[in-house]
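The values are calculated or read from the model by the stated rules, or taken from the named source; none is laboratory data. Values in this document were obtained by computation on a predicted structure and should not be read as measured data. Cβ atoms come from the backbone with ideal geometry, glycine included; neighbour counts cover every protein chain shown.
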Amino acid sequence: MTTVIATHGLAKRFGRVRAVDGVDLDVRAGDIYGFLGANGSGKTTTVRMLLGLVLATSGEVEVFGERMPRAARQVLPRVGALIEGPAAYGHLSGRENLALLDASGPGGGRRTRRRRIDEVLEQVGLAGVGRRPVKAYSLGMRQRLGLAGALLRRPELLILDEPTNGLDPQGIAEVRELLTELNRSGTTVFLSSHLLAEVEQMATRVGVLDRGRLVLQEQLAVLTAPTGSTVVTSPDPAGVRSTMNGRVSSVDGERVIVSGGDPAEINAQLVGAGVPVTGLALERPTLEAVVFAAAGASTDRAETKVSEHRRRPWRRGAERAGSRPINAGDEGE
Ligand code: ATP
C-alpha cells in the first residue's frame with residue numbers, strides 16, 4: 001500500500017506549549033483517515049504542518065513521498081485543503097469566489113473553468129445559491145464553499161480540518177456521502193475531527209491525538225473487530241445464565257454477554273432450553289471505548305484524573321452546537 005502522508009517524530013512547540021509531540025502519521029493511498037482528538041490536542045497544528053503552513057520545531061513530513069515544505073510546489077497542486085473556517089470575499093458570490101480561486105491555477109479556457117466551477121458547486125450542494133453573495137451564506141454554506149474550493153483541482157489527497165463544523169445533521173450526512181464517494185473514486189481523504197461518531201461512520205483508518213501525542217493509529221476494522229463473545233438479548237437473562245453454564249461474563253438488563261463467537265450455536269442451545277432470544281450479535285468494541293482506553297492509558301502515565309475531567313472535551317456524536325460536551329471521565333455519571 002502506497003504511503004501518502006508520513007511524518008516522523010513531528011513536533012511543534014509554541015513557547016513552553018508542546019502542541020504536537022513526536023507524531024508518526026502513516027496515511028495510505030485509498031484511506032479515509034480520521035484524525036481524532038479533543039479540542040486543543042494539536043490537530044490543526046499538525047494539519048498546518050502537513051501543508052507547510054507552519055514550520056515544525058523538529059521531525060519530518062512527507063506527502064506523496066516528498067519532503068514538505070521543501071517540495072510544496074510539486075505537492076500542493078495534488079492536494080485539496082480546507083482548514084479552519086474557510087476565507088471568502090463576502091461581497092462576492094460563491095461562484096465568483098471560486099472563479100478567483102480557480103483563476104489562480106492552471107486549467108484551460110473560460111468554458112472549461114466555468115464547467116469545473118458548476119461541477120464543484122453541484123457536488124457540495126450549492127448549485128442553487130452559487131450566485132448569492134457569500135455574506136448572506138450560513139456557516140454551513142460557507143463550509144461547503146470551502147469544500148468546493150478544495151475540490152476544484154480534483155485532488156488526489158484531501159486534507160480537511162473539521163469539515164463538518166457548523167453543518168446541520170443533513171449537511172453532515174451530505175458531506176459524509178460526498179467524501180465517501182470521492183474516496184470510492186480514488187481520492188485519499190485525511191480529515192480531523194473531534195466527533196467520534198462522525199469518524200466511526202466514515203473512516204477506514206484512525207489516528208488519535210491526545211495532548212499532542214499520537215496514542216493510537218490503526219485500521220478501524222481492526223479496532224472494532226469482534227471480541228470473540230456474543231451479545232444475547234433476552235427477557236430471561238437468568239435463563240441465559242443457567243443454560244450457558246459459566247460462559248456468561250456480564251449481564252446488563254436484557255443484554256447478556258456470552259463467551260464464544262458463534263451466535264448460531266448459542267441460539268440453538270438457548271432455544272433448545274426454551275429460553276426466549278430477541279437479539280443476537282457478535283460483540284464488538286465501539287470506537288469510543290477504544291479511544292478512551294488509549295487516551296486513558298496515556299493519562300494514567302502523565303496526569304491526575306481531576307484535571308483530565310476539564311481537559312478532554314470529547315464529543316460523542318455529531319451533535320448540534322450547544323449540546324453538552326461529553327468528558328472522558330463522565331461515563332457512568
Ligand atoms: P481545536 O479543535 O480546538 O482547533 P486542535 O486539536 O486543532 O484544537 P491546535 O489548534 O493545534 O489544537 O492547538 C494545540 C495547542 O497549541 C493548544 O494548546 C493551542 O493553544 C496551542 N497553539 C496553537 N497555535 C498556537 C499559536 N499560534 N501560538 C501559541 N499557541 C498555539
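Tabulated values for the structure
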quantity: Residue in region 23-33 that is in a loop (DSSP other than H, G, I, E, B), within 16 Å of the ligand (Cβ to nearest atom), small (Gly, Ala, Ser) and modelled with pLDDT of 95 or more present; calculated: no
quantity: Selection count, region 31-87, where residues are at positive phi, out of contact with any Asp or Glu (no Cβ under 7 Å at 6 or more places or on another chain) and surrounded by fewer than 16 Cβ atoms within 10 Å (Cβ to Cβ); calculated: 2
quantity: Enumeration of residues in region 1-22 that are surrounded by 15 or more Cβ atoms within 10 Å (Cβ to Cβ), more than 25 Å from Leu220 (Cα to Cα) and within 8 Å of the ligand (Cβ to nearest atom); calculated: Lys12, Ala19
quantity: Scan of region 65-90 for residues that are out of contact with any Ser or Thr (no Cβ under 9 Å at 6 or more places or on another chain) and either outside the structural domain of Thr7 (by TED's automatic domain parsing) or touching a residue at least 24 places away in the same chain (Cβ under 8 Å) (or both), ordered by number; calculated: Leu76, Pro77, Arg78, Val79, Ala81, Leu82, Gly85, Pro86, Ala88, Tyr89, Gly90
quantity: Out of Gly171, Gly149, Gly128, sole residue that is in contact with a helix residue (DSSP H, G or I) (Cβ under 6 Å, 6 or more places away or on another chain) and either charged (D, E, K, R) or over 24 Å from Leu50 (Cα atoms) (or both); calculated: Gly171
quantity: Restricting region 251-265 to residues that are out of contact with any Asp or Glu (no Cβ under 9 Å at 6 or more places or on another chain) and in a loop (DSSP other than H, G, I, E, B), the residue that is surrounded by the fewest Cβ atoms within 10 Å (Cβ to Cβ); calculated: Gly253
quantity: Breaking point among (1) within 16 Å of the ligand (Cβ to nearest atom); (2) not in a helix (DSSP H, G or I), for Arg67; calculated: (1)
quantity: Residues that are assigned to a helix (DSSP H, G or I) and out of contact with any Phe, Trp or Tyr (no Cβ under 8 Å at 6 or more places or on another chain), drawn from region 80-102; calculated: Arg95, Leu98, Ala99, Leu101, Asp102
quantity: Criterion: in a helix (DSSP H, G or I), in contact (Cβ under 8 Å) with a residue 12 or more places away in the chain and not aromatic (Phe, Trp, Tyr) - qualifying residue of Ala289, Ala294; calculated: Ala294
quantity: Residue identified as crowded, with 17+ Cβ neighbours inside 10 Å and without any contact (Cβ under 8 Å) to a residue 12 or more places away in the chain among Glu96, Glu122; calculated: Glu96
